[in-house]
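Here's the structure we're looking at; comments come further down.
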Amino acid sequence: MTSELSEDRREAVQALESSFSELMTVFRRFVSEAAERVSPGMLPATFKALSVVSRFGPLTLSALAERLAADKGFLSRAISELEELGLVTRTPDPNDRRSRLIAVTETGHARLADARAPHESRLYEAMADWSVDDIRHLSTLLHALAVGESPAHD
């Protein structure tokens, strides 16, 4: 029985991995399309930086690099591009004058919302028949997986 359970677990994890692969392909396409909607020619990684600053900012470049596990040199160029487009600002960090805080402007928030709208409506439509409890449960499970915890059982 233990062997059968471990085989079932292995198959279930492989199916989950396959599903994540499909989801990541869709997500990469979404990020590319959204980046293009924010500004033609924008790299997906630049869009991700803008998104992270929007969600968690204001952030220093170091904090952004840590959150994205990305190269600070690339991010510095990406933030300069976003600043030139009027989507972010850099201001002195009151806690460390050597650092600057990156924040999304009102224009940046508006462009992000416009860029995300088509994907959000597709996700909403795809989950139209799901119960709110199922959506919340999926969110809880994904968070637990992301942070490496066991999900809470009700």
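Just so it is clear, none of the values below were taken in a lab; they were calculated from the coordinates. This one's a predicted model, so the numbers in the text were calculated from it and none came from an experiment. Methodologically, a virtual Cβ is constructed for each residue, glycine included, from the backbone with ideal geometry; neighbour enumeration extends over all protein chains shown.
Quick notes
- Dipole orientation for the chain: of the candidates Ser139, Ser99, Ser54, Ser99 has the Cα lying most toward the positive pole (charges on Cβ; Lys, Arg +1; Asp, Glu -1).
- Under 13 Å, Cβ to Cβ, from Val52 - net charge with Lys/Arg +1 and Asp/Glu -1: +2
- Based on every Cα atom in segment 22-74, Rg and the maximum pairwise Cα distance Dmax equal 11.6, 33 Å.
- Listed residue (Phe74, Ala113, Thr25) projecting farthest to the positive dipole end of the chain, Cβ model: Phe74
- Under 5 Å from the amide H of Asp93 lie the amide H atoms of Ser99, Arg100, Leu101, each residue being 5 or more positions distant or on a separate chain, with H modelled from the backbone and absent for Pro and chain starts.
- Cα centroid of segment 84-154 to Cα centroid of segment 10-31, whole Å: 19 Å
- Axis of helix 2-38 versus longest Cα principal axis of the chain: the two differ by about 30°, to the nearest ten degrees.
- Rounded to the nearest 10 degrees, the inclination of helix 132-147 to the longest alpha-carbon principal axis of the chain is 70 degrees.
- Using alpha carbons only, the radius of gyration of segment 79-154 set against its Kirkwood radius gives Rg/Rh = 1.17.
- Only helices enter this figure: runs of n ≥ 4 DSSP H residues, each worth -39500 (n - 2.57), summed and divided by the residues of the chain, yield -23500 deg cm²/dmol at 222 nm to the nearest 500.
- Amide hydrogen neighbours beyond the local backbone of Val88, cut-off 5 Å, H modeled: Glu83, Thr105
- What you get for the chain, charging only the Cβ of Lys and Arg (+1) and of Asp and Glu (-1), is a dipole of about 920 debye around the Cα centre.
- With 5 Å bins beginning at zero, the pair-distance distribution over Cα atoms of segment 1-137 amounts to 2, 9, 15, 17, 15, 12, 10, 8, 6, 3, 2, 1, 0 %.
- Whole-Hz ³J(HN,Hα) from phi, Karplus 6.51 cos²θ - 1.76 cosθ + 1.60, for segment 90-98, glycine and proline x: 10, 10, x, 6, x, 8, 7, 4, 6
- Between the helical axis of 106-126 and the longest alpha-carbon principal axis of the chain there is an angle of about 20 degrees.
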